[in-house]
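The values are calculated or read from the model by the stated rules, or taken from the named source; none is laboratory data. None of these values were measured; they are calculated from a predicted model. We place every Cβ from the backbone using ideal geometry, glycine too, and count neighbours over all the protein chains shown. Just the protein is used for accessible areas: all its heavy atoms, side chains included, with ligands, DNA and RNA removed. Shrake-Rupley method; radii C 1.70, N 1.55, O 1.52, S 1.80 Å.
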Amino acid sequence: MVLVLAVHTVEEVSARIPFCMMVLNDVLSRQQSSVPPGLDYRFLVPTSGTVSVSLWDASDVETLKVWLDETLSEYCSTECFEVVEEFAQGISVELARQRTAQSVSQKTGAAAASVGEKAQEALSATAAKAKEAGQKVGQKFDEIDQKLKIKEKTTKVGSTVGTTTRNVVGKAGNLALQTKDRAMQNKVVASSVMQIGSGVKVGMKAAGSGLSFLTKKLGELGDTVIKSVQELDAEEKQEREQEASDEMLKQALEEEEPQEAEKKPEEYFAGFDDDGEEAKEPEQPAQEPEPQKDQEEPEREEVREEPEREEVQEEPEK
């Protein structure tokens, strides 16, 4: 096993990393890689220029170069060089770790495969023994059956039991029919059965009539209740309308009372004289103004009020 450095060169830069490195990375990251046995990659170092490198453990340089050319020849040219590992710096520890992990993994896989093969062999042997034991048991049972005729006896017992059961059931049915016929031949029994049937029919008919009558009465009662409720609703509605009307009339009267109080006093009416003409208000003598005005106003009121009372009281007597 040798350590090999592969140099991948492209003609021009077309992306951040060369397309050949993308392809190689995709091949190596697949679960079922197409890398042949004996080729193990250790490092993949893509660059943004025209040259990128990869580091491999290979059985020989030529095998690695052939596989890389088959995989990447469409995208780049590849050259392979053997690495002098004794003079390499900074990669020894990582290489040792990867190689150890790979070795352990391979050994574990081999051991698991070996255990699996052994388990498969043990299962196959157990199945073969179980099959052989079953065949032997079957052969012994056949030998015993040939001697004692167990299957034949079992079949005969089953058929006999079935026949006996059918006969017993048939006899029981015939006996029941005969008993019924004998009972119906008796006049008393027959008449009793007929009376019972007639009574059942009459009872069913009466029950139907009673249910119809009850349904009808319930319907009439429901109509009466609905009508009474409607009448009560109409009366309540009328009472509410009457109360609202009375309330509105009361409010109108209360609003008119202050307006009548604010009206001016009516003109003086002195009645009619002997000629049938309206009498004029008697002229009052002019009075000289006095300094005390508060005393004049009550006297004028008394003079005007007295004729009003006398005239109003005499009017109905005419």
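Given the criterion charged (D, E, K, R), open to solvent by 50 Å² or more (accessible area, probe 1.4 Å) and not in a loop (DSSP other than H, G, I, E, B), identify the matching residue among D57, D26. Break it down into steps so the answer makes sense when it comes.
Details: D57 fails: open to solvent by 50 Å² or more (accessible area, probe 1.4 Å).
Step by step, each of D57, D26 is checked, and only D26 is charged (D, E, K, R), open to solvent by 50 Å² or more (accessible area, probe 1.4 Å) and not in a loop (DSSP other than H, G, I, E, B).
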Open item on the list: Restricting to region 39-54, count the residues that are within 14 Å of V4 (Cβ to Cβ), of a type outside the set (A, V, I, L, M, F, W, C) and open to solvent by less than 30 Å² (accessible area, probe 1.4 Å).
Closed with: 2
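Got a number for residues in region 2-21 being surrounded by 14 or more Cβ atoms within 10 Å (Cβ to Cβ) and either of a type in the set (A, V, I, L, M, F, W, C) or part of a strand (DSSP E or B) (or both)?
Within region 2-21, the first condition is being surrounded by 14 or more Cβ atoms within 10 Å (Cβ to Cβ), and the residues that meet it are 3-10, 17-21.
Adding the requirement that they be either of a type in the set (A, V, I, L, M, F, W, C) or part of a strand (DSSP E or B) (or both) leaves 3-10, 17, 19-21.
Adding up the residues that qualify gives 12.
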